[in-house]
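Trainee: Before anything else, here's the structure in question.
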Amino acid sequence: MSKKTNGLSRREFLKRTGLVGVGAAALSSAPLPGRAYGKALAERLATEGEEAVFTACDMCFNRCAVIARVAGTGRNRRIVKLDPNPQCAKSRGMLCARGNAGIEQVRDPDRLTEPLLRVGKRGEGKWKTISWEEALDRSAHAMQEVGAKYSRCGMLFTAGADTQSQFVHRLAEAFGSFNITSHESLCLLSGNRAFMDTYGEVPQPDLLHCDYSIMLGANRFESLVMPDSSDLMQALRRGAKLIVLDPRCTKTAELGTEWHAIRPGTDLAFLLALCRVIIFEKLYDPVWVERNTSGLDRLREHVADCTPEWAEAETGIGAHHIARIARELAAAAPKAMVYPGRRSSDYEDSTQIRRGFAVANALLANYDRPGGLMSTPAVKLSGIPYEAPWYDDNPEDRVDAGKVPLLFDDEGSFILTRDAVIAGAPYPIKGWFVYKTNPMGTAPDRERTRAMIDKLDFLLTVDIFMSDTAFMSDIVLPAPSYLERDDPLFVLQGGPAGPAIMTRNQVVPPIGQCRPVFSIVKDLALRLDLKDAFNFTLEELREKQMDSFPGLRQGLQKDGLFEPGPKLYGLQEGRPFKTPSARIELYSTLYEQKGLPPMPAYMPPKPLPKDSFLLVAGRTACITQTHSQNNRLLAEFVPTNTLWLHPEAASRLGIRDKDLVTVTSAAGSQQLRAELKPGIRPDTVYMHSGFGALSSGLRRVQNNGASIAALLESAHDELCGNAAMHMTHVTIKRQEGSS
Ligand SMILES: Nc1nc2c(c(=O)[nH]1)N[C@H]1C(S)=C(S)[C@@H](COP(=O)(O)OP(=O)(O)OC[C@H]3O[C@@H](n4cnc5c(=O)[nH]c(N)nc54)[C@H](O)[C@@H]3O)O[C@H]1N2
Ligand SMILES: Nc1nc2c(c(=O)[nH]1)N[C@H]1C(S)=C(S)[C@@H](COP(=O)(O)OP(=O)(O)OC[C@H]3O[C@@H](n4cnc5c(=O)[nH]c(N)nc54)[C@H](O)[C@@H]3O)O[C@H]1N2
Ligand code: SF4
Ligand SMILES: [Mo]
C-alpha cells in the first residue's frame, strides 16, 4: 500500500513528541489522564521500520482513537500492535481489551473473503462463491423485482452503528424506500424520546466533575461508554459518591459507594420517591427551577403519595436509604445527577421511566453546568447534498407508522417493522438490505426474526463474518474490517472533554475480495439507474469534510483528530428550550395534547409467576453484543456464557454450580451451564449475549452456550416502539445427568 497522506510516518511522529507535551500543558485545567502517556508511546514507536497510522477503533460504537503500528510493505503490511492515541480526550488515551484484540479482526480465519450465494435452504449453510459482478447484478435485479412487484417501500434497509451507514441510507432514499431501521430501536430510543420531550435535546453527562451520581440500570465499568467510564473512575478516585441500583452486582456496583439490588422494573417508583423528598423538603434551588422548568406544581401533586415507604414496598430498597440518598443527592447539586444511562430498552413503559430520570435531574438544577447534564455542542461537517427522487406510486408512510404515538420517523421501530413484515400489512416488505448489524442475534425472539426472514424474497447481508443474519441470507457480501478501510470524517461528542473530529485511515489492505459498503451501494446505484446519488468518491467526500473547519486537515495529519473547541457550559443561557413551553417540561404539554399521561406514571412490573425468574440482559467488558465472541484473544477471557443464578434459588431447584440447565420462556428454550452467584437477586437470572449462534461460519460461537435472543420475548415501548428487553419470565430445569 502506498504511504497514506493522513497516516503518520515514524519521523513525523517523533518530531511531534514535543507537541504532545504542549497539548498536555494546555489542558492542565482538566485532568485528562491519557495525554501524559504520549511520550512513552512515542518512545516505544521508535522501533526501527515501523509506521504509525491514525485510525479509530470499531470494536464497539465508542470509536476510541487508535494509533496502529504497522510493519512491512504492500500485501505484506501487517499490524504490529494497536495503541491508544494519547491525544484523544474522548477516549482519554484508553484502548480497552476489545480495542487491543481488534488486531484479530484482520486475521480471523472465519472472516468472509468472497461474495456468496445461498444454494441450500435458508439456514442450511450451503453456499457457492460468486464473482462481484454476479453478486451485484443479482442483488440489483432482486431489488428491482421487489420494487416493481410490491412498491419501492417493499425494500427494508437496516444499517448498524457506522460512519458508512449513511451511504446505505442514501441508497434507500434514492431507491425510494421509507423503511430504514437501525440498531437504535433495540438500544436507546426510549431514553432519547424522554429527554427530547422533556429538555428538547439529549444531554450528555459530565461525570468528571460530578460529586454524587445515582446509576440505575447502567453498568459503566463493564458496558464501556467513553468518556463516561473513565470519568467516573476519576471522579471516584477524588472521592465522588456513586450509588448503583441494579439487580446484579456488576463491576460498577462493586466499585461504587453503595449497591442496592433493586427489584427489576421499579426504577420509576424510586425516582418518584426521590422527587417527593426533594420537593416536600424544599431541597431544590427555587430560583433555577422557577426560571428553567414548567409544571412543578403538577409534579408536586403527582408525587404526593410516592413516599419512601411506598417506594420501599415496590423496589425492595429501605425507605430510610431512599430518603437519605435523596437528601445527599440534593445537597451535592448542581454537581449531582441521576445518570441518564444509555440502553433504555427495558420495559414497555421505558419512555415514562426515562421521563422520571429527566424530571429528577431537573430538580437538581444541574443542566448546562459542570458536573451535571451538558447541552450537546453543535459541530457540523460539510457533506455532499443530494435531493432524493419522489415516487408517486409509493405507499404513504413507513410500514411501522401510526403503531405507536411517538415513533422517531427516521429510525422507526425494528420490532414493529418485523411485526408488519410477518403480517404482510399494511403493505408487503419482501426485500431486506442488512449492513453491519445482526438482528438474528440482537433482536429479542430469534424465531420471530426467522419468521420475518421466511417472508422475504430477497435478503442481502454485508458483514465481515457469517453472522446469524448473514447465515439466513440469499447473498452475503464480504466487507473490510475497520483496519482495512478509509472512512468518512465523523464528530465524537466527548462530554466534558469537548467534541472531536476524527477519521479512520486504512491501516492494512483488505483481505480476500472484501469491498467497503460505499463501493457496494455505489455499484448497486449504477445498476439501478440511480448513479446521481453517488456521483463522488469517498476521497472527494473526505476532502470536502476536511474543509469544514480551518485547521481540521492539519489536525488530522498531526494528531489524528481535531478539537473544534466550542464553549461547553452555559450554552443554553438566554435561549428557550426546544419544547412547547420553551422550558424543561416536568409536566409534558406535548403528551397532554396527544392524550398520553403528561406525568411519568408508575406501572408496577407484571407479577412473576411462582417458580419463574426475570431474565435480564447486560454486558461484560470483553464482549461487544454479538460481534466479538469469535475473537480468539477475547475468547480466552470469556469462552462461553453461563446462567447467573442465586444460590438460594439454585438449591430450591436442586441445581449445583456448573450443572447443565434448560431455560425456557414463551419464545424458546436454550441450554447452558449454571453459575451460582450470590451477587444477583434470587428472582432474577442473567446471561451474556452473543453465544449459542446458529451460524456454522462462527466456529467459536456456534452451539456454544445459549442464545439470549432466542429466549427474550418480543415486546416494545408503548410510546416509541423501542424493544423492551426485560419483560421475559423464564423457568429453569436441571438436565438429568448433567454434571
Ligand atoms: N463491553 C461492552 N461495552 C459496551 C457494549 C458492549 O456490548 N460491550 N455496548 C455498548 C452499547 S451499544 C450500549 S447501549 C451500552 C449499554 O450500557 P448500559 O446502558 O450500561 O446497559 P447494560 O450493560 O445493558 O446494563 C444494564 C444493567 O441494568 C440492569 N438491570 C436490568 N433490569 C433492571 C431494572 O429494572 N432496573 C435497574 N436499575 N437495573 C436493571 C442489568 O442487570 C444490567 O447490569 O454499552 C456500550 N458499551
Ligand atoms: N440480548 C440482547 N440483545 C441486545 C442487547 C443486549 O444487551 N442483549 N443490546 C442491544 C443494544 S444496546 C444494541 S446497540 C444492539 C446492537 O445490535 P447489533 O447492531 O446487531 O450489534 P452487533 O451484535 O455488534 O452486530 C454487529 C454486526 O456487525 C458485524 N461487523 C463488525 N464489524 C464490521 C465491519 O467493519 N463491517 C461490516 N460490514 N460488518 C461488521 C459483526 O460481525 C456483527 O454481525 O443490540 C441490542 N440487542
Ligand atoms: S471502548 Fe474499547 S472496543 Fe469500544 S471503541 Fe473504545 S477501545 Fe474500542
Ligand atoms: Mo446500544
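Trainee: Could you state the number of Å between the C-alpha centres of the stretch 389-430 and the stretch 337-358?
Mentor: 25 Å
Trainee: Could I ask something else about it? Within 10 Å, at most 13 other Cβ atoms, and a DSSP state outside H, G, I, E, B define an exposed site. Report the longest part of the chain free of exposed GluC sites (Glu not before Pro). Present the calculation step by step, with values, prior to reporting the outcome.
Mentor: Numbers: sites that count: Glu48, Glu124, Glu281, Glu387, Glu396, Glu573, Glu636, Glu736.
That would be 397-572.
Trainee: Taking the Cα centre of the chain as origin, sum charge times position over the Cβ atoms of Lys and Arg (+1) and Asp and Glu (-1), and report the length of that vector in debye to the nearest 20. It would help to have the intermediate numbers written out before the result.
Mentor: Working: 89 positive and 87 negative charges, 436 e Å.
Computed charge dipole of the chain: roughly 2100 debye.
Trainee: Per 0.36 nm of contour for each residue apart, how much would the distance between Lys610 and His141 grow if the chain were fully extended, relative to their Cα-Cα spacing? Please report the intermediate quantities before stating the final value.
Mentor: Working: separation 469, 0.36 × 469 = 168.84 nm, distance 5.39 nm.
163.5 nm is the gain from fully extending Lys610 to His141.
Trainee: Right, another one. What does the extension gain come out to for Arg107 and Asp454, with contour length at 0.36 nm per residue minus their alpha carbon separation? List each step's numbers first, then the result.
Mentor: Working: separation 347, 0.36 × 347 = 124.92 nm, distance 3.33 nm.
That works out to 121.6 nm of additional length.
Trainee: Then there is this: Please name which of Leu224, Pro597, Thr158 has its Cα lying farthest along the dipole of the chain towards the positive end, using unit charges on Cβ (Lys, Arg +1; Asp, Glu -1) and the Cα centre as origin.
Mentor: After comparing all options, I get Leu224.
Trainee: Accessible area per residue for the chain in Å², computed with a 1.4 Å probe and the full protein assembly in place, what is it? Can you show the working numbers first?
Mentor: On the way: 27510 Å² over 739 residues.
Accessible area per residue: 37 Å².
Trainee: Quick one: pull the percent of accessible area on the stretch 318-382 belonging to carbon and sulfur, 1.4 Å probe, ligands and nucleic acids left out.
Mentor: Ligands and nucleic acids excluded, carbon and sulfur reach 53 percent.
Trainee: Kindly report, to the nearest 10 Å², the accessible surface of Arg398 as traced by a 1.4 Å probe over protein heavy atoms only.
Mentor: 10 Å²
Trainee: Label Arg122 and Asp285 with points 7 Å out from Cα along Cα→Cβ: what is the distance between them in nm?
Mentor: 5.6 nm
Trainee: Right, next: Where a Cα-Cα gap under 19 Å defines reach, which lysines qualify for Lys241, not counting those fewer than 8 residues away within the same chain?
Mentor: Output for Lys241: Lys251, Lys335.
Trainee: Then there is this: At 7 Å along Cα-to-Cβ for each site, give me the label-to-label distance between Ser696 and Arg575 in nm.
Mentor: Placing both labels 7 Å along Cα→Cβ, they lie 5.7 nm apart.
Trainee: With each label point set 7 Å from Cα along the Cα-Cβ vector, what nm distance links Gln493 and Asn703?
Mentor: 4.6 nm
Trainee: Starting from the residue with the highest accessible area, list Trp259, Trp390, Trp288, Trp127 in decreasing order, probe 1.4 Å.
Mentor: The ordering from most to least exposed comes out as Trp390, Trp259, Trp127, Trp288.
Trainee: Just going by the charge dipole of the chain, with Lys and Arg at +1 and Asp and Glu at -1 on Cβ, which of Thr73, Ala666, Asn366 is farthest out on the positive end?
Mentor: Of the listed residues, the answer is Thr73.
Trainee: Dipole magnitude of the stretch 297-373 about its Cα centre, charges +1 at Lys/Arg Cβ and -1 at Asp/Glu Cβ only, in debye to the nearest 20? Working shown, then result.
Mentor: Values: 10 positive and 11 negative charges, 100 e Å.
With Lys and Arg at +1 and Asp and Glu at -1, about 480 debye.
Trainee: At 0.36 nm per residue, and after removing the present C-alpha to C-alpha distance, how many nm does the segment from Tyr427 to Glu328 gain when stretched out fully?
Mentor: Working: separation 99, 0.36 × 99 = 35.64 nm, distance 5.42 nm.
Value of the extension gain: 30.2 nm.
Trainee: How large is the dipole of the stretch 624-675 about the Cα centre if only Lys and Arg carry +1 and Asp and Glu carry -1, each at its Cβ, rounded to the nearest 20 debye?
Mentor: Values: 5 positive and 5 negative charges, 18 e Å.
Approximately 80 debye in magnitude.
Trainee: Pull out a ≥ b ≥ c, the square roots of the eigenvalues of the alpha-carbon gyration tensor of the chain, then state rounded if a/c is under 1.5, prolate if not and a/b is larger than b/c, and oblate in the remaining case. Can you show the working numbers first?
Mentor: Numbers: a/c = 1.37, a/b = 1.17, b/c = 1.18.
Rounded.
Trainee: Something else: Give me the net charge for the shell around Asn366: Cβ to Cβ below 12 angstrom, other residues only, Lys and Arg +1, Asp and Glu -1. Write down the numbers at each step before the final one.
Mentor: Working: positive: Lys335, Arg369; negative: Asp206, Asp211, Asp285, Asp368.
Within the 12 Å Cβ shell, the charges total -2.
Trainee: For His141, what accessible surface area do you get with a 1.4 Å probe? Give it in Å², rounded to 10.
Mentor: Looks like 110 Å² after rounding.
Trainee: Would you be so kind as to identify which of Pro247, Ala333, Ser350 lies farthest towards the positive end of the dipole of the stretch 245-377, taking Lys and Arg as +1 and Asp and Glu as -1 on Cβ and the Cα centre as origin?
Mentor: Ala333
Trainee: Express in Å², to the nearest 10, the accessible area of Cys64 obtained by rolling a 1.4 Å probe over the protein heavy atoms while all chains stay in place.
Mentor: Using a 1.4 Å probe on the heavy atoms, I get roughly 10 Å².
Trainee: Keeping all protein chains in place and using 1.4 angstrom, which order do Arg75, Arg656, Arg446 fall into by accessible surface area, from largest down? Mind dumping the intermediate values first?
Mentor: Working: Arg75 175, Arg656 130, Arg446 20 Å².
Listed by decreasing accessible area, they come as Arg75, Arg656, Arg446.
Trainee: Here's another thing I want to ask about it. If you roll a 1.4 angstrom probe over the protein chains with everything in place, what fraction of the accessible area of the stretch 83-139 belongs to carbon and sulfur, to the nearest %?
Mentor: Working: 1000 of 2120 Å².
Answer for the stretch 83-139 is 47 percent, counting heavy atoms of protein chains only.
Trainee: Okay, helix-only estimate at 222 nm for the chain: each DSSP H run of n ≥ 4 adds -39500 (n - 2.57), divide by all residues, round to 500 deg cm²/dmol; what do you get?
Mentor: On the way: 26 runs with 224 residues, N = 739.
Taking each H run of at least 4 residues, the total per residue is -8500 deg cm²/dmol.
The values are calculated or read from the model by the stated rules, or taken from the named source; none is laboratory data. Since this is a predicted model, take the numbers as computed values, not measurements. Note: ideal-geometry Cβ built from the backbone for every residue, glycine included; neighbour counts use all protein chains shown. When the accessible area is computed, the model is the full protein with side chains, heavy atoms only, and any ligands, DNA or RNA have been set aside. Shrake-Rupley method; radii C 1.70, N 1.55, O 1.52, S 1.80 Å.
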